[in-house]
1. Tell me, which strands (runs of 3 or more DSSP E) lie completely within the stretch 114-162 with 2 or more residues that are under 19 Å from the mean Cα position of the chain (by Cα) and buried (at least 21 other Cβ atoms within 10 Å of the Cβ)?
2. Does the stretch 212-221 contain any residue that is at pLDDT below 95, in a helix (DSSP H, G or I) and surrounded by fewer than 22 Cβ atoms within 10 Å (Cβ to Cβ)?
3. I'd like to verify a number: residues in the stretch 291-346 that are out of contact with any Pro (no Cβ under 9 Å at 6 or more places or on another chain), modelled with pLDDT under 95 and closer than 17 Å to G215 by Cα, how many?
4. Filter the stretch 297-312 down to the residues that are surrounded by 15 or more Cβ atoms within 10 Å (Cβ to Cβ) and more than 24 Å from L144 (Cβ to Cβ) and list them by number.
5. Quick check on the stretch 73-83. Is at least one of its residues modelled with pLDDT of 95 or more, among the acidic types (D, E) and surrounded by fewer than 24 Cβ atoms within 10 Å (Cβ to Cβ)?
6. Evaluate the following for A286: is it more than 12 Å from the chain's Cα centre (by Cα), surrounded by fewer than 19 Cβ atoms within 10 Å (Cβ to Cβ) and among the hydrophobic types (A, V, I, L, M, F, W, C)?
7. Kindly establish whether L96 is buried (at least 17 other Cβ atoms within 10 Å of the Cβ) and at pLDDT below 95.
8. Show the residue pairs that are 6+ apart or on different chains and have beta-carbon atoms under 6 Å apart, the first residue being within the stretch 321-344 and over 14 Å from A286 (Cβ atoms), the second being in a loop (DSSP other than H, G, I, E, B).
Amino acid sequence: MQKLLVTGSSGLIGSEVVRHFHALGWRVYGVDNNMRADFFGPRGDTRWNQGQLLAECPNFSHIELDIRDRAGVLALFAELRPTHVAHTAAQPSHDLAASRPFDDFDVNAGGTLNLLEATRQYCPEAPFVHLSTNKVYGDAPNRLDLVELPTRWDYASPEYQAGIRETFTIDQSKHSLFGASKVAADVMVQEYGRYFGMPTCALRGGCLTGPNHSGVELHGFLSYLIRVNVTGGTYTVFGYQGKQVRDNIHSYDVARFIEEFFAAPRSGEVYNIGGGRANSTSILEAFDRVAGITGKAMNYTYTEENRQGDHICYISDLSKMRAHYPNWNITKPLQTVFEEIVESWERRKE
């Protein structure tokens, strides 16, 4: 039987991966210690999702473990010896990293190293997928020539119409401390693949989203924006006239790509995983789209100061993913993503 270990199993991507592979008949083990509640307070708590997994998935086991605990991680791998590893745990916020730099680096970089070395020692043949981030590119995408359109920024050059490729520089730019810790993890995942010949890949995510996201202001753009609309709150736009663009990918499509990689793994690969141009939206466009679903106009305020290291326009070029794994593609269009998240927040509001 396939034994999958998922870190961050109560989070958005982790829980989607648990459900996806459990449905395929795999034995799934989840590692999570609800650090999201520590990072973001009660609104970031993911215990509700953990409870749902335990109720819905009889072949799922929850393991309460902090990935910073090196001895604990090594002991777990020595006992379990998983056949596959999906590493989705992280400290995910730019802003929080600046106020808690040790925690940020210890989780993102140190925790990843602990998992990689445990895999190398006890199950080196196990495909290892790491959820990296597009923030490894820092703010270098902002140096591209952009054109301002009525509701969004966009790339001026036809060269970038499909988005940012994996060959784009990750050097000599401002990343935020979060981005820097994720660079360290990303490169280490590549190195374990290239140096030790292990099957590894880093998925440089755009905006990963879906109905199981516990979105908060510091992390979870689309989920948080929709939550504010559903609950009648006020959203704060940070700079760029609200025309900054993100491409959004549903967590199900992320899990599907992980399935494809597990079936035909490669060593030391990187992939830009996002929704691509078709699933891209600016903040202003997202306001109109969610209002069209809920019937509620978006309440928001605007501040000129943008977040440090924030991307003005980021769209993932999916051509490498599609070339390496032709059975994979986006299955959840942007409207469906919005509708599912609205329904989820409506349900949780009750």
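The values are calculated or read from the model by the stated rules, or taken from the named source; none is laboratory data. Note that the structure is predicted; figures quoted are calculated from it, not measured. Positions of Cβ are backbone-derived with ideal geometry, glycine not excepted, and every protein chain shown enters the neighbour counts.
1. So the answer is 128-133.
2. yes
3. Count: 1.
4. Answer for the stretch 297-312, where residues must be surrounded by 15 or more Cβ atoms within 10 Å (Cβ to Cβ) and more than 24 Å from L144 (Cβ to Cβ): M298, Y300.
5. Yes, some residue in the stretch 73-83 is modelled with pLDDT of 95 or more, among the acidic types (D, E) and surrounded by fewer than 24 Cβ atoms within 10 Å (Cβ to Cβ).
6. Here the answer is no, as A286 does not meet what is asked.
7. For L96, the condition - buried (at least 17 other Cβ atoms within 10 Å of the Cβ) and at pLDDT below 95 - is met.
8. Matching pairs, first to second residue: E340/P211; S344/P211.
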